[in-house]
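*Asks:* What follows is a structure written as structure tokens; I'll ask about it next.
Read the figures in this text as sums done on the coordinates, not as results from a lab. Remember, it's a predicted structure, so these values are computed and weren't measured experimentally. Here the Cβ is made from the backbone with ideal geometry for all residues, glycine too, and neighbour counts use every protein chain on show.
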Protein chains: 2
Amino acid sequence: MPAGRTRTPRNTLSPELIVRTALDLMEAQGNDAFSLRGLAAELGVGPMALYTYFRNKDDLYDAVRDHLMALVPGVPEDAPWPDQVRAVCRGLRRLMLQHPCLAQLLASRPLSGHETARVAEGLLGVLRSAGFDKETAARTHTTLFTYVLGATSWEIQMAAERGNPEGWRRLRTTMATLSPEEFPTVVELAPELSRTTGGDEQFDYGLDLLLAGLQQQVRTPS
Amino acid sequence: MPAGRTRTPRNTLSPELIVRTALDLMEAQGNDAFSLRGLAAELGVGPMALYTYFRNKDDLYDAVRDHLMALVPGVPEDAPWPDQVRAVCRGLRRLMLQHPCLAQLLASRPLSGHETARVAEGLLGVLRSAGFDKETAARTHTTLFTYVLGATSWEIQMAAERGNPEGWRRLRTTMATLSPEEFPTVVELAPELSRTTGGDEQFDYGLDLLLAGLQQQVRTPS
DNA sequence: CGGTGTACTATACACCGTACGTTATAGCTT
DNA sequence: AAGCTATAACGTACGGTGTATAGTACACCG
């Protein structure tokens, strides 16, 4: 090798660059296929270089999650509180659909980080302003969050399965092998069940049920 | 080696034995630590022996899931439909709490299997008997399922984090570093938020919201 | 100009799931 | 009773994973 040091220059890496590249990879090839080695290769760097910026893989996951949570839109002002709640929930769901890895990142790790707190602050503020007491606001927040997480994660899961031909075939055969005598209702409702697995309409249906229950609770305080 | 062939006899393995042992291991050491190699070792057998009975790890996961779903209690008869719905949802949640691996098995894989269909049949039957049309019954079923899955998975996740000292410390410090100026509501409601992360009360709160919405929908059909 | 901190590399370990080819035995056929 | 075949279980190997540990070369500062 000649005298010219063709080594990669020094500060090629930064937390931001790593997080952005990691996000790109997760979206391009799926969350399961993501690996630190692949990320390092994409960055033209050895796998261990990442450990300068993140303590381990989970630490990186947390950073990616917070990076995404920054994209959740803020609460619209000057709207009735049910519409504000709807907006936040839909915003989070929309983001999860745009970045499917976010669903897994939210579901598999405890919440932390600045942007995640920002979203919670928005929703909690709406509920408190609407007149809910502390306890009810907290309960409602948890309920809404887990609903959005569960419904949207499930939707993404099912959509992925539909894309994968192996999974699609298995789903079909599973349905076909159900005996109409033993499971009459499931067989009868098969088309509806397959139709209602996901979509804005399905999401809003459940969300509206929750909001209807909430509004009724406001009208008749204990 | 003397003439006595001390090889392990032939049919030492069976699908049932494998599934039961797998379940034991998952519960003993956590779902993430579970591996086919560990399972094979526990059974006193080479890793590849399992592939005689299951096509791959996911196939085994499906079998374990269905094995667990068999334990979901049936629908109580002679009760108002909201109570029946409550019973099914609580039964599923209870089982997920008793067997934390079930949460991950349900969330990470599409539904299939005989026992899983049985549970769906029960809930759908209740809804149809209550007078919901096909579409609404299907929508409601999906909503209830995703709520139970989301709420309970989250609860389990959080409980696990509380057990792990590293996670607990991180949660504490995350909360402590939130500036009261930027996130006043989150900081103010910290005790309530921590208290409402899980528990029967929290679960029932959300479930009752959904049921209240449903009953209101019955009273005022579109 | 020499020392020091740090960004990055190299090597290695202990795992993982599973593809492939081999062996030995249980049970049927003759 | 002998032989054949199907298959349960084995052994080996491959390509991957996260990360602990130790080493290296550059940028900066005295």
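*Asks:* Provide the net charge surrounding B:LEU105, with neighbours chosen by a C-beta distance below 14 Å and charges set as Lys +1, Arg +1, Asp -1, Glu -1.
*Replies:* In short, -4.
*Asks:* Please arrange A:HIS67, B:HIS114, A:HIS141 by counting, for each residue, the other beta carbons lying within 10 Å of its beta carbon, fewest first.
*Replies:* B:HIS114, A:HIS67, A:HIS141
*Asks:* Where in chain B is the longest stretch that carries no trypsin sites (Lys or Arg not before Pro) classed as loop by DSSP and with at most 12 other Cβ atoms within 10 Å?
*Replies:* B:56-222
*Asks:* Pick from B:ASP204, B:ASP24, B:ASP32: which residue has the top mean-square fluctuation in a GNM of chain B where Cα pairs under 10 Å get a spring?
*Replies:* B:ASP32
*Asks:* Among B:ALA130, B:LEU144, B:THR52, flag the residue with its Cα farthest along the positive direction of the charge dipole of chain B, charges on Cβ as +1 for Lys/Arg and -1 for Asp/Glu.
*Replies:* So the residue we want is B:THR52.
*Asks:* Given axes a ≥ b ≥ c from the Cα gyration tensor, I'd like to know whether chain B is rounded (a/c under 1.5), prolate (a/b larger than b/c) or oblate.
*Replies:* Numbers: a/c = 3.25, a/b = 1.36, b/c = 2.39.
Oblate.
*Asks:* In a shell of Cβ-Cβ distance under 14 Å around A:PRO191, excluding A:PRO191 itself, what net charge do Lys and Arg (+1) and Asp and Glu (-1) give?
*Replies:* Residues close to A:PRO191 contribute a combined charge of 0.
*Asks:* Charges only on Cβ, +1 for Lys and Arg, -1 for Asp and Glu: so what's the dipole of the protein assembly as shown about the Cα centre, in debye to the nearest 20?
*Replies:* Here the protein assembly as shown has a charge dipole of around 1480 debye.
*Asks:* Also: Picking from A:THR116, A:PRO82, A:LEU210, whose Cα lies most toward the positive end of the charge dipole for chain A (charges on Cβ: Lys, Arg +1; Asp, Glu -1)?
*Replies:* Comparing the listed Cα positions along the dipole, A:THR116 ranks first.
*Asks:* Please state the shape class of the protein assembly as shown: rounded when a/c is under 1.5, otherwise prolate if a/b exceeds b/c and oblate if not, all from the C-alpha gyration tensor.
*Replies:* It is oblate, given that a/c is not under 1.5 and a/b is not larger than b/c.
*Asks:* Between B and A, which B residue has the Cβ nearest their rotation axis, distance in Å?
*Replies:* Closest Cβ on chain B to the axis mapping it onto A, in Å: B:GLY150, 1.
*Asks:* Explain nothing, just the number: dipole magnitude of the range A:167-222 about its Cα centre with +1 on each Lys and Arg Cβ and -1 on each Asp and Glu Cβ, in debye rounded to the nearest 20.
*Replies:* Computed about the Cα centre, the dipole is about 220 debye.
*Asks:* Can you pull the mean other chain C-beta count within 10 Å for peptide B:171-182?
*Replies:* Mean shielding count: 2.
*Asks:* Relative contact order, percent, of chain B when contacts are C-alpha pairs under 8 Å separated by at least 6 residues?
*Replies:* Values: 136 pairs, mean separation 34.8, N = 222.
Relative contact order, chain B: 16 percent.
*Asks:* Give, rounded to the nearest 20 debye, the magnitude of the charge dipole that the range A:69-153 has about its Cα centre when Lys and Arg contribute +1 at Cβ and Asp and Glu contribute -1 at Cβ.
*Replies:* 280
*Asks:* Roughly how many Å is it from the Cα centre of the range B:148-222 to that of the range A:73-117, as a whole number?
*Replies:* What the calculation gives is 15 Å, centre to centre.
*Asks:* Turning to a different aspect of this structure: Show which lysines lie in cross-link reach of B:LYS57 when reach means a straight Cα distance below 29 angstrom and same-chain residues fewer than eight apart are skipped.
*Replies:* Straight-distance partners of B:LYS57: A:LYS57.
*Asks:* Moving on to the next point. Percent relative contact order of the range B:117-211, based on C-alpha pairs within less than 8 angstrom and at least six residues apart?
*Replies:* Rounded, it is 25 percent for the range B:117-211.
*Asks:* With label points built 7 Å along Cα→Cβ from the Cα atoms of A:TRP168 and A:GLN215, find their separation and express it in nm.
*Replies:* 3.9
*Asks:* Relative contact order for the range B:15-54: what percent, with Cα pairs under 8 Å and sequence separation of 6 or more?
*Replies:* 35
*Asks:* I want the local charge near B:GLY150. Using Cβ-Cβ distances under 13 Å, sum +1 for each Lys or Arg and -1 for each Asp or Glu among the other residues. Display every interim value, and only then the final one.
*Replies:* Values: positive: A:ARG93, B:ARG93; negative: A:GLU155, B:GLU155.
That works out to 0.
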